[in-house]
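Undergrad: Before I ask anything, let me first share the structure, which is written out below as structure tokens.
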Amino acid sequence: MPTLGIGTWQNTDPEECANAVATAIEMGYRHVDTAQAYDNETAVGEGLARAAVPREDVFLATKVWIDQLGGDDVVASTEESLSKLGVDYLDLLYIHWPAGEYDAEDTLAAFDDLYDEGLIERIGVSNFEPGQVTEAVETADAPIFANQIECHPLLPQDELRAHCADHGVDVVAYSPLARGEVFDIPEINAVADKHGVSEAQVSLAWLREKGVTAIPKATSETHIRDNWASRTLELDDEDVSTIDSIGRTERQIDPDFAPW
Ligand code: NAP
């Protein structure tokens, strides 16, 4: 899985969304993250089609919403996602939240069927707590490839990351810029000044140092390019320690149905 992708939540203007996806892919991004609930799969598919890069070179992920997690609905809604995205397979299909109609046995059996049929290449979970990760790993026949969770310098998720590593599950960080909150943190400002880069790049490079894939959402070409530049930013041990020392654990995303 390419370790830097582009997120698309709240990119609901179809032209803006398609343009952001196409711009990112043409810049070199090879990982695109969407979800049924973002109401933009058609626009994401349009961006994918517009970019002069073959489908198979892009790692495309979407997520099944919590009201579609009953077995039959998983299959029907995924077929709809494929149709909207204009593709015949997904690289990664996530269970968006362990909530609503989620039932480990029933939901994962349907994900296994999609996997066996070749409609999805990998099964992912999102917003799963440690016990739910273990349960999913033990319940699904196919491997659980990734857990997509909120993760950034203000929510490092050390325990959950270690638990995922112990179970062979990759971590994908959502809201990797803490939705802008990382821009005003003195420790991050200091590391950014030291390297002459943006705070966004520091946050993304810190996640890379932790072995975590990041999917920052960006709309403008300037932001898309700034985030892409984080790939060449090398943080040293002192930088990483400085960021680790921030010591905050603040969530940006905390709906009523969250499992924590
Ligand atoms: P984020 O990526 O932390 O922050 C996005 C915000 O930062 C946008 O306002 C964006 O502005 C701005 N931005 C991006 N790059 C920037 C840069 N280089 N400099 C300054 N500002 C910059 O937050 P997020 O959208 O919540 O999370 C990222 C993705 O994770 C989502 O889009 C979605 O794909 C996924 N996600 C998943 C879940 C889940 O439950 N699984 C939950 C939340 C998010 P512009 O748009 O104007 O460029």
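Undergrad: Name every residue in region 113-138 that is touching a helix residue (DSSP H, G or I) at 6+ places or on another chain (Cβ under 9 Å), farther than 26 Å from G211 by Cα, in a helix (DSSP H, G or I) and open to solvent by 10 Å² or more (accessible area, probe 1.4 Å), in order of residue number.
TA: Of everything in region 113-138, just one residue is touching a helix residue (DSSP H, G or I) at 6+ places or on another chain (Cβ under 9 Å), farther than 26 Å from G211 by Cα, in a helix (DSSP H, G or I) and open to solvent by 10 Å² or more (accessible area, probe 1.4 Å), namely D113.
Undergrad: Can you report the number of residues in region 200-216 which are in contact with an Asp or Glu (Cβ under 8 Å, 6 or more places away or on another chain) and without any contact (Cβ under 8 Å) to a residue 40 or more places away in the chain?
TA: 3
Undergrad: Quick one: is A18 assigned to a helix (DSSP H, G or I) and not polar (S, T, N, Q)?
TA: Working: assigned to a helix (DSSP H, G or I): yes; not polar (S, T, N, Q): yes.
The answer is yes for A18.
Undergrad: Would you call Q157 of a type in the set (S, T, N, Q) and free of Cβ contacts under 8 Å to residues at least 24 places away in the same chain? Steps first, answer last, please.
TA: Values: of a type in the set (S, T, N, Q): yes; free of Cβ contacts under 8 Å to residues at least 24 places away in the same chain: yes.
Yes.
Undergrad: Select, from S241, S230, the only residue that is free of Cβ contacts under 8 Å to residues at least 60 places away in the same chain and part of a helix (DSSP H, G or I).
TA: On the way: S230 fails: free of Cβ contacts under 8 Å to residues at least 60 places away in the same chain.
Residue meeting the stated conditions: S241.
Yes/no per residue for (1) of a type outside the set (A, V, I, L, M); (2) more than 9 Å from the ligand (Cβ to nearest atom):
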site	(1), (2)
Q201	yes, no
V212	no, yes
D226	yes, no
R231	yes, yes
E234	yes, yes
S241	yes, yes
E250	yes, yes
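Undergrad: When you scan region 6-18, how many residues do you find that are near the ligand (Cβ under 8 Å from one of its atoms) and either surrounded by fewer than 17 Cβ atoms within 10 Å (Cβ to Cβ) or among the small types (G, A, S) (or both)?
TA: 2
Undergrad: Turning to a different aspect of this structure: Show the residue pairs that are 6+ apart or on different chains and have beta-carbon atoms under 7 Å apart, the first residue being within region 21-41 and assigned to a helix (DSSP H, G or I), the second being more than 9 Å from the ligand (Cβ to nearest atom) and hydroxyl-bearing (S, T, Y).
TA: Matching pairs, first to second residue: Q36/T62; Q36/S77; Q36/S81; E41/T62; E41/S81.
Undergrad: Of all residues being in contact (Cβ under 8 Å) with a residue 60 or more places away in the chain and open to solvent by less than 60 Å² (accessible area, probe 1.4 Å) in region 178-198, which is farthest from the chain's Cα centre (by Cα)? Just the residue, please. Quick ask: steps written out before the conclusion?
TA: Keep residues of region 178-198 that are in contact (Cβ under 8 Å) with a residue 60 or more places away in the chain, which gives 178-179, 181, 185.
If we keep only those that are open to solvent by less than 60 Å² (accessible area, probe 1.4 Å) too, we end up with 178, 185.
On the way: A178: 13, I185: 23 Å.
Only one residue fits best here, namely I185.
Undergrad: Being aliphatic (A, V, I, L, M) and over 17 Å from the mean Cα position of the chain (by Cα) is the filter; apply it to region 227-257 and report the residue that is surrounded by the most Cβ atoms within 10 Å (Cβ to Cβ). Can you show your working first?
TA: Here is the first cut: in region 227-257, the ones aliphatic (A, V, I, L, M) are 229, 233, 235, 240, 243, 246, 253.
With over 17 Å from the mean Cα position of the chain (by Cα) added as a condition, the list becomes 229, 233, 235, 240, 243, 246.
On the way: A229: 14, L233: 20, L235: 20, V240: 15, I243: 25, I246: 15.
Selected residue: I243.
Per-residue answers, yes or no, for (1) part of a helix (DSSP H, G or I); (2) not charged (D, E, K, R):
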{"site": "A43", "(1), (2)": "yes, yes"}
{"site": "E46", "(1), (2)": "yes, no"}
{"site": "A52", "(1), (2)": "no, yes"}
{"site": "E56", "(1), (2)": "yes, no"}
{"site": "D67", "(1), (2)": "yes, no"}
{"site": "D72", "(1), (2)": "yes, no"}
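Undergrad: Identify, by number, the condition in (1) in contact (Cβ under 8 Å) with a residue 60 or more places away in the chain; (2) more than 11 Å from the ligand (Cβ to nearest atom); (3) under 20 Å from the mean Cα position of the chain (by Cα); (4) surrounded by fewer than 22 Cβ atoms within 10 Å (Cβ to Cβ) that T219 doesn't meet.
TA: T219 satisfies all of (1) in contact (Cβ under 8 Å) with a residue 60 or more places away in the chain; (2) more than 11 Å from the ligand (Cβ to nearest atom); (3) under 20 Å from the mean Cα position of the chain (by Cα); (4) surrounded by fewer than 22 Cβ atoms within 10 Å (Cβ to Cβ) except (2).
The values are calculated or read from the model by the stated rules, or taken from the named source; none is laboratory data. All figures in this text were calculated on a predicted structure; none of them were measured in a lab. Because the Cβ atoms are built from the backbone with ideal geometry, glycine has one as well, and the counts that use them run over all protein chains shown. Just the protein is used for accessible areas: all its heavy atoms, side chains included, with ligands, DNA and RNA removed. Shrake-Rupley method; radii C 1.70, N 1.55, O 1.52, S 1.80 Å.
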